[in-house]
Every structure is written in C-alpha cells, then in structure tokens.
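The values are calculated or read from the model by the stated rules, or taken from the named source; none is laboratory data. Values in this document were obtained by computation on a predicted structure and should not be read as measured data. Ideal geometry is used to build each Cβ from the backbone, glycine not excepted, and the neighbour counts take in all protein chains shown.
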Amino acid sequence: MRKSVISFILAGLLVLGGASLWRFLDNNETDRLPDDLQPFTLDERPQPDRYLFDYTGVLRHYQEGVHLYLENLGSRFGMEALVVSIPSLPPGYSIQTLAVDLTNNWGIGRYQDGRGLLLLLVEEGRQVKLEVGYELEDVFTDALSGYVEDLQLGSYYRAGDVGTGMIAVMEMLEQRAQTKHLGKYTSVQIARADAELLAGGAGATRNLERYTNKSAEPESSQAPNRGASSPEQAWEIMLAKWAGEGREIPVDIYTRMTRIAMGDPDRPDPRTLGSLDHWRNAEYQVLNDGDYAVIWFGAIDGWDNAPFLFCNDGSGWKFDIVHQRRLVVMTQAPKWQVSQGPYPYVAKMYKALQSTGKDLPLAGEDLYRCADDQEIADRIADLQKRLHASPDDAGALIALLRLKVITGQRPAQIRPLLEQAGKLAPERPERHKYSAIFNVNSFFQYETALRDIERYIELRPGDPFGYEVKGFLLYRLGRYRDSIEALAEAVSLYDDSGYAYALMARDYVMLHREADDQAKPRYQKKAFNMLQKAEGVTVLDPQRLVWLRSWMKRRLGETSLSAHAAAL
C-alpha cells in the first residue's frame, strides 16, 4: 500500500456521465415537447406528480432518465426537486423573482416542510437560477448555487453537452441532499465544503451567454506518443499534471479517445480540483493483469473511493476513459458499482458491488479495445472528413455513429448523429441498434431504448441480439414474463447464448420472489434449469456465472444452490 493523490472525475468522466451544460434550442426545435406536458402557468403547478417541466425541449432526449432521477431524489431524502425550462421571462419578471414565485405558487417543497429545490432555465438570455427552499438553505448555500450555476454547469455548457450537464448538476444536489438527510454536519463543515468548491461566495445567478460552445474532435492521424512504463507511473504523472506540476513531463498518459472526450485533459473539471486535497493521502493498490490495470482504493463506499482504469495501448500505459465511463457507475450517494459485462477490468474488481444496469450483450465490433484506440481515433477523423465533404453519405454516418457510441462519447456528439440518421437512413437497423445502446449506457432510459430495439427487431428479425437486448430492457422494467418471452426468441435463433440463459435465470428468480408458496418451487426449478443451460454453453463467461451463482444464493438460499450443484 502507498499514499498518493487522486483527483477523481465523477460522472463527467464516468458513465452516466459525460460532460456539459444547458444548450438551448433553436426556435424550430421548441415544438418537440412531450405529448403529456400541460401548458405552463405561473399560478399553479400544472401537474402535481411531474418533476421535469421542459417547455423549451432542451431535455427532450432525456425526459425518462431525468424525471426518474428527480422522483428518486425526493423519495430517498424527503425533499422535492423540480427542473423547469421556459423560452422567455414573463413581462415584468427577472429570473430571481420568477423563481421565487414559481416556488411559492407551485408549492415546491410545501409538503416536505420547506425542503424544495427549483432549477429554472430561461432560454432567452440563457439564464439559470437555483432556488432553494428555506429548510435546505443551511446546506444548499449561495456558494453551492454559484458553483452549480457558474463553474459546474457553466463549464459543461461550454462543451455543449446538455445531457451530461444535467447529470453533473444532479450529482452535486444528491451529495448535499445526502448530507442534509444524515444531519451529521456543522456550519463550519458546510463552510469548508463551500470553500473547496472554489465558488468564492459568488451569487447564485449566472448569465450563460458568455460561454462558447466547444467540443473536442480527433486530430489528424499522427504517430502515437510514448505512454508510461507502468500503470503506477501513468497514475502519478496524471496526478502531477492535474495539480499543475507536471507540464514538462514528456510522457503522454492519455489515450487519444480520452483526449477527444476530455478536451484538454490537463485542465480537469473544477470538481476534480476540489477533491485533490482529499485524495492526497489516499492509499491504493495497482491491480494489474496483462494490458489492463486498476488503481484500487478498496471496495468501500464513497464516490471518492471508486477505481481508476488504465490500459496499455501499445505505446505505453494510459488513462482509459472509454471503460471508465462504461464500467464505473456512481449510484445512490455514497455508493458506486462496477458494471457486469464482457469487459476487461471486471474480474479484477470482483469485490465491488456489481451493477447490471448496463449489462448489454455486446460483442465483436461493438466492443472497444484499448489496442484499437489509435485506429478508432483515425477512423473517426476520416469519417468526419467524408461527412463534411458529402453530408448525405449514410454509410459514413452510420459508421461514425457506431464508433461514437461504442467509445462512450458525450451526448452532444452522438445526438446530432442520431437525428441526422433519422433523416438520411430511417430504415437502417443500425440507427435503432446504436440508439438503444446509447440510451442505456448514457441515461438508463429503458423505455426509450425499448422502442429503439423493437424497431431494430422489425427491421432485422433474424438477429438474436435484438431479442437479447429486448429481454434485458424488459427485465430492468420489471416485466419478467415478457423478458422470458423475448429471450426465448433469442435462443430459438441461437441456442448457445449464455447471456440469454443467465438472464432468464434472473427472470425466474424475480418471479419466484413475487409468487405465492404454491408457485415458488416451479419458478425455482426453472431458474436453476436456466443456470444449468448457461453453464453448458460452448463459450463460457466465468465471471458472469460466478456473479449469477452468488446472486441466486442470496435470493434463493444456500441450500437451494447446493442442491443444484449436487445435481450437476
């Protein structure tokens, strides 16, 4: 064990994650509003059970994920948080007075004893205001509001990524909500936390017009720069660079996809800088196996304890942002998990809690490999040049969409491609396939992804992948019988699918939990039958099977699993 500095990038680098801020729509896009959104009125809240009122359409692609998040935030912490976007301010109103009147007239937090939050966005002038209910003001301070609206939300806005900007804001709200809920804090501790945000006591209102819209794109092909000689050296150099102490170190510790994702990786997000002091004394291990390594702080709660992933791309050890975003999931604060799936690193982090939220059956060309990083970056650059020269080149568009999705690029880089593909190639099944993958990996939008994959199945009914993904989505939505039906279609097309059998085992376990005493034995038998099938496929997934057996043991009991093993 040793001590070092870690500046951990939260959702801005991670999965659910990515990066930026409120990008308001052009006038011709403002009519794309949800069908069930009732007209805006200042007098009273249009819908009492709704938490996202997006009257500009700025979050039209993320409605499902954002609304579910706000709903969960309220139920977990006994508070009410709303997001409202409107095209312009009513006559005679400033954004401050409108936020106050909306909070009062809509009764935000009224039934939670004043524990209410309103994030108000005004398209005209691109203004944003975080209004805080009186019972939350001791924790959701002016300094916090200034940080969220200016440094955090503002920095993401410059990158033009509305989806991940929303994630970043929700992260900070959740952290403070957790502090308030536990109640173990003093005013001195809150003041210290505010100081670490670098907000400088700034006011809570910011005009976002001054930010420019920048996004990183791959540079032209170039010879790979030499990476570090070990994961530990790459880690130490990266920390030095983030601290502003390693500018002259002639080692490149970022893959090209990391550079594309982060812009200037040596100038990290302000949240990252705020964590430097905390991580300066953190102990860690290097879990190394082949070309993949984990900077490991232990399987303990705390978002700051989540691991960091490095790989050797052939030129040396570098930070692997693609797998970082895909695999490390920040769940309900302060917990983090590691995604299940056919990815490197997962076996090394077996002690961590496992997430199945993004457990898609990806394979072949849809799996990113660090060794292909240079080639992928060059390919992205070439495809972008082709599209610039020939904007109607549907083949280049679909190829670029695939690469952007499998490398976990930010929503602002993927959404325009999906919209363009909808116009150029509406009947290309790949458009719907990669839209489904994107919606799962970026925002856990299962209903939205289900519509995507059902269209994919219509266009490509002979591909078991579509039915496997449909089964996964239905499982996540709690529709276990429908999930089994979809997975049965998958194995009718490909009867050696360990993924489908393992997922059906989980479906039957969940049905067992819901069943009456008479039906329980039948579902338990079916669950173990599916486990046996998963254990008998030609190409085994040992890590998935280890996790599945452990999961089933916790839910069905040690005796049942022992009986299954004896039967084998």
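Observations
- Flag if Tyr368 is crowded, with 16+ Cβ neighbours inside 10 Å and on the phi > 0 side of the Ramachandran plot: no
- Meets criteria (buried (at least 24 other Cβ atoms within 10 Å of the Cβ), among the hydroxyl-bearing types (Ser, Thr, Tyr) and farther than 30 Å from Asp372 by Cβ) for Ser492: no
- The residue pairs whose first member lies in the range 293-311 and is closer than 23 Å to Thr255 by Cα, whose second member is of a type in the set (A, V, I, L, M) and part of a loop (DSSP other than H, G, I, E, B), and whose beta carbons are closer than 7 Å, counting only pairs six or more residues apart or on different chains, are Phe308/Ile6.
- Among residues of the range 261-295, those that are out of contact with any Lys or Arg (no Cβ under 8 Å at 6 or more places or on another chain) and closer than 26 Å to Glu174 by Cα, counted: 15
Residue-by-condition table, conditions (1) in a helix (DSSP H, G or I); (2) surrounded by fewer than 20 Cβ atoms within 10 Å (Cβ to Cβ); (3) modelled with pLDDT under 95:
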| position | (1), (2), (3) |
| --- | --- |
| Ser315 | no, yes, yes |
| Gln332 | no, yes, yes |
| Asp372 | yes, yes, no |
| Arg379 | yes, yes, no |
| Leu383 | yes, no, no |
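- Count of the range 314-355 residues, restricted to those that are over 15 Å from Thr407 (Cβ atoms) and either among the hydrophobic types (A, V, I, L, M, F, W, C) or within 13 Å of the chain's Cα centre (by Cα) (or both), is 17.
- Residues within the range 496-552 that are surrounded by fewer than 22 Cβ atoms within 10 Å (Cβ to Cβ), closer than 25 Å to Tyr343 by Cα and among the basic types (Lys, Arg), tallied: 3
- Qualifying positions in the range 366-392 - under 25 Å from Ala436 (Cβ atoms) and in contact (Cβ under 8 Å) with a residue 40 or more places away in the chain: Asp366, Tyr368, Cys370, Asp373, Ile376, Ala377, Ile380, Gln384
- Within this structure, Gln337 passes the test of being in the same structural domain as Glu232 (by TED's automatic domain parsing), free of Cβ contacts under 8 Å to residues at least 24 places away in the same chain, surrounded by fewer than 24 Cβ atoms within 10 Å (Cβ to Cβ) and among the polar types (S, T, N, Q).
- Restricting the range 113-143 to residues that are over 17 Å from Val83 (Cα atoms), in a helix (DSSP H, G or I) and in contact (Cβ under 8 Å) with a residue 24 or more places away in the chain leaves a set whose member that is farthest from the chain's Cα centre (by Cα) is Glu135.
- Selection count where residues are in a loop (DSSP other than H, G, I, E, B) and either surrounded by fewer than 15 Cβ atoms within 10 Å (Cβ to Cβ) or among the aliphatic types (A, V, I, L, M) (or both), scope the range 79-106: 7
- Elements of type helices (runs of 4 or more DSSP H) in the range 432-507, at least 3 residues being in contact with a helix residue (DSSP H, G or I) (Cβ under 8 Å, 6 or more places away or on another chain), closer than 23 Å to Leu418 by Cβ and of a type in the set (D, E, K, R): 446-459, 464-476
- Residue, nearest to Glu64 (Cα to Cα), within the range 425-466, restricted to residues that are in contact with a Pro (Cβ under 9 Å, 6 or more places away or on another chain) and among the hydroxyl-bearing types (Ser, Thr, Tyr): Ser442
- Residue tally, condition of a type in the set (D, E, K, R) and in contact with a Lys or Arg (Cβ under 9 Å, 6 or more places away or on another chain), over the range 468-484: 1
- Number of the exception - Asp366 against (1) of a type in the set (D, E, K, R); (2) touching a Lys or Arg at 6+ places or on another chain (Cβ under 9 Å); (3) more than 19 Å from Gly498 (Cβ to Cβ): (3)
- Condition check for Leu401: in contact with an Asp or Glu (Cβ under 9 Å, 6 or more places away or on another chain), not in a helix (DSSP H, G or I) and not aromatic (Phe, Trp, Tyr): no
- The number of residues in the range 299-335 being under 25 Å from Arg176 (Cβ atoms) and out of contact with any strand residue (DSSP E or B) (no Cβ under 6 Å at 6 or more places or on another chain) comes to 11.
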